[in-house]
Structure formats: structure tokens, C-alpha cells
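Here the structure is laid out as C-alpha cells; the discussion comes afterwards.
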Amino acid sequence: MARTPAELAAARPGPPFEITVDGRPVTALPGQSLAAALWAAGILAWRTTRIGGRPRGAFCGIGQCYDCLATVNGRPNRRACLLPARAGDVVTTQEGHGRAEPDV
Amino acid sequence: MPNPTSDSAPHDGYDLAVIGAGCAGLAGAAAASELGLSVALLDMARQTGGQFYRRPAPELRVERPQALHHDWSVFTGLRRRVAASGVTRLTGHHVWSVTREDDGGGNVEWVVHAATGADGGDERPVRVRARAILLATGSYERHLPFPGWTLPGVVGAGGAQAMLKSGLVLPGRRVFVAGSGPLLLAVASSLAAAGARIPAVVEASGYLGYSRRPGVLAANPLKLGEAVTHGAALLRHRVRLSTRSAVTAAHGTDRVAAVTVSRLDRDWRPVPGSEHRIACDALAVGFGLAPQIELATALDCATRRAVDGTTALVLDGLQRTSVPGIWAAGETGGIGGAHVARVEGELAGIGVAAQLSGRGALVRTGRVRTLRRRRDRMRAFADVMAAAHAPGPGWTRWLTDDTDVCRCEEVTAADIREAVTDLGARDARSVKLLTRAGMGWCQGRMCGAAVTCLAASGGESVPPSAERRPFAVPITLAALSSPESPADADAPSTAPPDPAVTDD
Ligand code: FES
């Protein structure tokens with residue numbers, strides 16, 4: 001019986017690489033979305049809400065709910081469940097709407 | 001909305017633009033192309049397959065993609081047909097609007113507007129012109145809120161499966177699966193096969209609803225086979241199935257650490273004293289699916305209320321919507337699953353070809369009769385299933401005053417009840433104006449069913465939402481204001497062509 005999803009699907013990915021999440025190194029596999037890389041590292045939250053400051057992460061997994069918004073390489077409001085992870089990506093917890101001015 | 005036309009733009013007209021590359025879209029595109037139409041197939045994802053056949057990116061180099069799926073051979077067949085046809089595949093295209101253009105001489109052309117990039121964030125808007133449109137946009141998950149459902153680790157049931165299929169990850173090791181509908185069994189068996197421990201599948205309905213229509217069941221052996229497959233997988237992984245029960249609260253501070261499971265009565269009211277708390281590190285939850293039809297409603301296509309309370313498109317025997325030139329197939333016409341989506345896509349592709357080429361004989365063949373018979377049989381089953389799992393009115397009893405109903409705008413159940421009882425709101429629209437529920441990023445996709453239900457004050461189960469969204473996906477003002485170029489499959493900022501289609 002498979003113990004991990006990668007075993008189940010017999011994945012032979014290329015070499016893992018590093019991204020940083022709030023300054024902390026996290027390993028990602030080529031082809032994974034940022035949200036998948038974060039889940040794999042046991043990180044479930046990378047955003048805090050505007051009103052209550054509550055933690056949020058991926059919910060719908062398919063680009064519909066916008067709960068997974070993150071600031072990626074300085075750009076806020078990126079959907080982590082859709083964006084592929086790239087070596088050297090800098091992900092920072094997005095607070096509120098991610099910037100002082102409204103996003104246009 | 002800016003004027004999307006540009007006189008200097010090169011000609012980019014197709015006979016048919018298919019929006020969505022899942023089962024319905026692939027079948028429709030293949031069928032139309034095989035009958036001689038020029039076809040563009042647009043999808044937001046990088047690879048074809050939609051949600052049902054979502055698969056890991058090629059870089060993950062998966063040797064057994066079929067281990068994550070059911071009926072994989074159906075998909076490889078569809079991919080082969082599309083690859084062998086002349087269909088132009090436009091991946092990474094987030095369609096936000098379809099508009100109609102009339103040249104004054106009675107010629108109607110449709111213009112599909114899309115944002116590009118993995119998350120639609122590339123500032124290169126694109127338009128595709130076509131004489132006909134096939135909407136194969138599928139569905140999204142229907143959610144009902146409960147205390148704690150915004151905690152990290154509480155994820156959509158379909159979401160957990162999507163993340164597993166595409167990224168080979170799990171939200172936790174000990175994952176409850178809860179909500180209602182047949183998807184729960186599929187999700188639980190996939191998560192278990194991938195190594196998660198599933199303490200229980202918690203289904204709010206019973207399965208008795210199915211037994212009331214034995215004829216429909218007997219006519220759909222494929223569906224029964226699926227149920228048996230999932231059931232056997234769950235037995236093998238020692239997953240318990242609790243029916244007439246729900247997760248009525250999730251607990252934790254920064255992430256879910258436990259859930260409360262309660263017994264429900266027939267109306268989904270929690271039975272007092274039945275609650276017990278169980279530890280877990282994730283919860284995959286969902287209450288069925290809802291058709292994704294905003295492109296169609298923006299075009300004024302007629303809708304109907306499906307038996308599960310969702311709003312679906314009105315379609316005729318050849319998958320035509322009420323707007324001439326616009327076809328739809330699959331979940332947009334009501335939740336029915338992958339098989340019915342494929343059959344309907346096929347029918348729509350043939351129907352479009354018959355109409356555009358004036359070859360009416362194309363739809364009077366034995367093949368079309370067979371497809372229609374299969375569709376009707378599977379739709380009958382889908383209706384039995386939808387009725388069996390439609391939310392009961394009592395679910396609102398598990399809300400506390402401070403339960404967030406709208407995740408984006410953090411609008412609580414108390415805010416919504418106040419709008420209803422004190423301010424007289426009677427529908428989701430008034431609640432939205434008074435509370436901002438449904439005005440956030442997701443435009444009510446996550447809270448819509450709950451808000452409509454709360455606005456109706458529990459009189460009905462889940463009334464249809466008259467929700468209209470001006471843009472099917474959010475689009476930045478920057479993208480809106482930059483000129484759109486015609487779609488070009490070879491443009492550098494377009495996602496690379498689907499490698500898995502060509503590597504067969
Ligand atoms: S998880 Fe829902 S949009 Fe990314």
C-alpha cells in the first residue's frame with residue numbers, strides 16, 4: 001500500500017529546489033504549485049484576513065476561493081494554488097489585502 | 001467594459017470556441033473538429049483534463065497517473081482524438097467574458113476575452129473570435145458554513161482531491177471527510193490510497209433516497225460499479241461511513257485539531273446530545289457541486305432550478321442554450337459527472353457542426369440517437385443522486401452567531417440574520433448589499449448557497465441564486481485597459497502546449 005501520494009503515482013521528479021516562506025527555507029518539487037509545496041512542508045496558512053487577522057491557506061485548490069492569496073516575489077494577491085513554484089521564489093505571508101493601496 | 005474590437009487586428013476567427021478542457025470540452029472540441037470545423041479550446045489550466053482528469057505537471061514525472069484516477073482510458077482516448085484533430089489548444093487562458101458582435105448584415109460573431117498566465121496575472125489579455133461557443137466550464141464545489149470552517153486545514157473535499165491529483169500532496173495525515181454527495185466517497189478513497197488515514201466519511205444524507213428509484217439504478221450499472229469500487233476501497237482502508245451525521249464544528253487556533261460530529265435528523269437538524277469530538281489534522285468538506293455558469297448568465301441564457309437546488313442552464317436535445325449560437329455541455333446543464341459530460345460534449349460538437357455547415361443530416365444519425373439515449377439515462381440517475389443529497393433546511397441550526405458565512409468579507413451568521421430579521425432582506429442580493437456577503441474576491445462562490453438559504457429564512461432547502469457576476473474571473477484594471485491581441489498558440493507568454501497530449 002502506498003504511503004505517500006508520490007509513491008502511489010510513481011513520481012520521479014527532477015531535483016527539488018528551495019523557496020523561502022517568510023524567510024524560512026522550504027523545499028519544493030518541480031511542477032508543484034506554491035500551495036502544494038507549502039502543504040508538503042506542513043504549512044497550511046500563509047495569509048491573514050483583513051478584518052480579523054485570521055490565518056488562511058488553500059481551501060478550494062482550484063483557483064475559485066482566493067483564500068490562498070500570497071505575496072510572491074513582492075507581488076501581492078497571487079493565487080498560490082495556481083502558481084507553479086520556481087527556484088528562489090520568495091513567499092511572504094500576505095496581511096490583509098496585501099498593500100496600502102487598492103489592488104488594480 | 002472597453003470596446004474589445006480593433007480594426008487592425010489580424011483575422012482570428014474560428015468556427016467554434018470551446019471554453020473548458022474537461023470531459024465535455026474535450027469531447028465537444030474533438031467531435032466538432034472531426035466534422036471539419038476550426039476549433040479553439042480554451043482552458044485556464046496548463047494541461048487538459050478539467051477537474052476530473054486533473055494530473056500532476058509533467059515535471060513531476062509521474063509514471064502511474066492512472067493511480068490517481070478512475071476511468072483513465074476514457075481520458076487517454078479523448079486526448080488522442082484532440083491531439084489527432086486540428087483543435088487549437090489555448091492553455092493558461094482565463095476567460096472572463098464572452099461578448100456578441102453583429103456586423104449589421106445579420107452576421108453574428110462571438111468574442112471570447114481571456115486573461116493569460118498560470119493565475120491570470122500575466123498582463124497580456126487575449127481575444128478569440130468564433131461563430132459559435134460551447135460552454136464547458138464545469139462546476140465548483142458547494143459549501144455550507146459551520147463554526148471553524150475557516151481554520152487552516154479545513155479544505156474543500158474537491159480541493160483536497162485537486163491538490164492531490166495535481167501536486168501529490170495531502171492537507172494532513174488524519175483527514176476527516178464530511179459533507180454530502182457521492183464525491184465524498186471518491187475523495188476518501190483517493191486520499192486513503194495516497195496514504196492518509198481517514199477516521200470516517202461523514203455523510204449528512206442517508207442512502208435510502210437511491211432505493212426509491214430502482215429502475216433508474218438498474219439502468220446505470222456503471223454508476224453502481226463506481227459505488228462498489230469506492231465502497232470496497234473504503235472497506236480495505238477501514239474507513240467508517242457515518243450517514244445522517246455532519247461535522248458541525250471544527251476546533252483549533254491556528255489550524256484544525258479536532259472536529260465535532262453530530263447526528264442529524266431527516267431535515268439535517270443536529271440531534272441534541274449526539275455530539276462527539278474527535279482529533280484530526282485536516283478536514284475535507286463539501287456539499288456537492290454547483291454549475292459554473294456566469295459566462296452564460298451574462299449572455300442571458302435561460303436557467304432552471306435543478307433538483308439539488310442549484311441553478312443550471314436550460315438546454316435542448318442538442319445541448320443548445322436559449323441564446324442562438326451558444327451551446328453548453330456537462331455540469332453547466334446540471335451536475336451529472338464525467339460520463340454524461342463526455343456524451344453531452346460529443347452531442348454539442350455534432351450539433352454545432354450540423355448547424356454551422358447546414359448539414360442537418362448530421363444530427364439524424366444512429367450515433368446521435370444513441371448518445372441522446374445514454375445522456376437521458378445518465379441524467380435520470382444524476383437527478384436521483386442530486387435529490388438524495390440535497391441539503392436539508394435544518395443545517396442552519398449548526399451555525400453560531402460568530403460563524404463566518406462569507407469567508408472573503410468575514411460576514412458572520414449574526415450579520416446575515418440581522419439583515420434578514422431586522423432589515424427585511426429576503427434574497428441574497430439584498431443581504432449582499434446590506435452586509436457585503438458575496439462581494440469579496442470569490443464573488444459569492446463559497447457562500448452563495450448558504451446566504452440564499454439564510455435569506456429565505458429556512459423556508460426552502462437551498463433556493464436558486466440569481467447571482468450574476470459581470471466578470472467570470474477577476475481581472476485587473478491594467479489588463480482591462482491594455483489592448484487585447486488575437487490568441488496565438490505560439491506566443492511566448494502562452495503556456496506551453498500540453499505535453500501529455502503529444503507524448504502519447
Ligand atoms: S485555494 Fe482557492 S483560490 Fe487557491
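Quick note: the coordinates plus some simple rules give every number you see, no bench work behind them. Because the structure is a prediction, the values reported are computed rather than measured. Cβ sites come from the backbone with ideal geometry, for glycine too, and all protein chains shown count toward neighbours.
Sort B:Ser262, B:Ser242, B:Ser205 by Cβ crowding within 10 Å, fewest neighbours at the top.
Ranking B:Ser262, B:Ser242, B:Ser205 by Cβ neighbours within 10 Å, fewest first, gives B:Ser242, B:Ser262, B:Ser205.
Determine, for B:Thr137, A:Thr27, the number of other Cβ atoms within 10 Å of each Cβ, and report the residues in order from fewest to most.
By the 10 Å Cβ count, ascending: A:Thr27, B:Thr137.
Taking amide hydrogens as modeled 1.01 Å from N in the peptide plane, which residues meet the under 5 Å criterion relative to B:Val154, leaving out close sequence neighbours?
When sequence neighbours closer than 5 places are left aside, the close amide H contacts are B:Val256, B:Leu283.
Most exposed first by the Cβ proxy, i.e. fewest other Cβ within 10 Å, how do B:Ser85, A:Ser33, B:Ser33 rank?
B:Ser85, B:Ser33, A:Ser33
How high is the FRET efficiency between B:Glu275 and A:Thr48 when r is their beta carbon distance and R₀ equals 25 Å, given to the nearest 0.05?
0.25
Taking chain B as the reference, fit the longest principal axis to its C-alpha atoms, fit the long axis of helix B:366-389 to the helix C-alpha atoms, and give the angle between the two in degrees, 0 to 90, nearest 10.
20 degrees
Using alpha-carbon positions, what is the distance between the centroids of the range B:219-284 and the range B:75-112, in Å?
40 Å
Enumerate the whole-percent occupancy of each 5 Å bin, from 0 to the last occupied one, for all C-alpha pair distances of the range B:37-112.
3, 12, 17, 20, 17, 11, 8, 5, 3, 2, 1
Kindly provide the Kirkwood hydrodynamic radius of chain A in Å, to one decimal, from all pairs of distinct alpha carbon atoms.
14.2 Å
What number, in percent, do you get for the relative contact order of chain B if the mean sequence gap of Cα pairs under 8 Å and at least 6 apart is divided by its residue count?
Reported relative contact order: 21 percent.
Do you know the relative contact order of the range B:32-102, to the nearest whole percent, from alpha carbon pairs under 8 angstrom that are 6+ apart?
Once normalised by length, the contact order is 53 percent.
Between helix B:23-34 and chain B, what is the angle of the helix's C-alpha long axis to the longest principal axis, kept within 0 to 90° and rounded to the nearest 10?
Between the helix axis and the principal axis of chain B, the angle is about 10 degrees.
Can you check how the C-alpha radius of gyration of the range B:283-430 compares to 2.2 N^0.38 Å, as a plain ratio?
1.33
For B:Val323, list long-range residues whose amide hydrogen, built 1.01 Å from N in the peptide plane, is under 5 Å from its own amide hydrogen.
B:Ala302
Averaged across orientations, what area in nm² does the convex hull of the alpha carbons in chain B project?
That works out to 23.5 nm².
Of the DSSP beta bridges with both residues in the range A:15-95, give the percent that are antiparallel, rounding to the nearest 5.
Looking only at bridges with both residues in the range A:15-95, the antiparallel portion is about 75 percent.
Quick check: residue separation of B:Ser38 and B:Asp103 times 0.36 nm, minus the Cα distance between them. What number comes out in nm?
Value of the extension gain: 21.3 nm.
Suppose each label sits 7 Å from its Cα in the direction of the beta carbon; what would the B:Arg238-A:Phe17 distance come out to in nanometres?
Distance between the two pseudo-spin positions: 4.2 nm.
Kirkwood Rh, Cα Rg: Rg to Rh for the range B:143-287?
0.97
Which residue, chosen from A:Pro76, B:Ser357, B:Phe381, occupies the Cα position most advanced towards the positive end of the dipole of the protein assembly as shown, where the dipole is computed from +1 (Lys, Arg) and -1 (Asp, Glu) charges on Cβ about the Cα centre?
B:Phe381
Using the Kirkwood radius over C-alpha pairs as Rh, can you work out the diffusion coefficient of the protein assembly as shown via Stokes-Einstein at 25 °C, viscosity 0.890 mPa s, in µm² per second?
Calculated translational D: 101 µm²/s.
With r as the distance between the Cβ atoms of B:Ser322 and B:Arg367 and R0 = 22 Å, compute the FRET efficiency 1/(1 + (r/R0)^6) and round to 0.05.
With R0 = 22 Å, the Cβ-Cβ based efficiency is 0.30.
Taking a point 7 angstrom from the Cα of B:Arg64 along the C-beta vector, which residues in the range B:178-196 have backbone N less than 12 Å away?
Within reach of a label on B:Arg64: B:193-195.
For the range B:30-75, treating each Cα as an identical point scatterer without solvent, what Debye log10 I(q)/I(0) comes out at q = 0.19, 0.21, 0.33 1/Å?
-0.75, -0.84, -1.21
Placing +1 at every Lys and Arg Cβ and -1 at every Asp and Glu Cβ, with all other atoms neutral, what dipole size does the range B:280-398 have around its Cα centre, in debye to the nearest 20?
My answer is approximately 680 debye.
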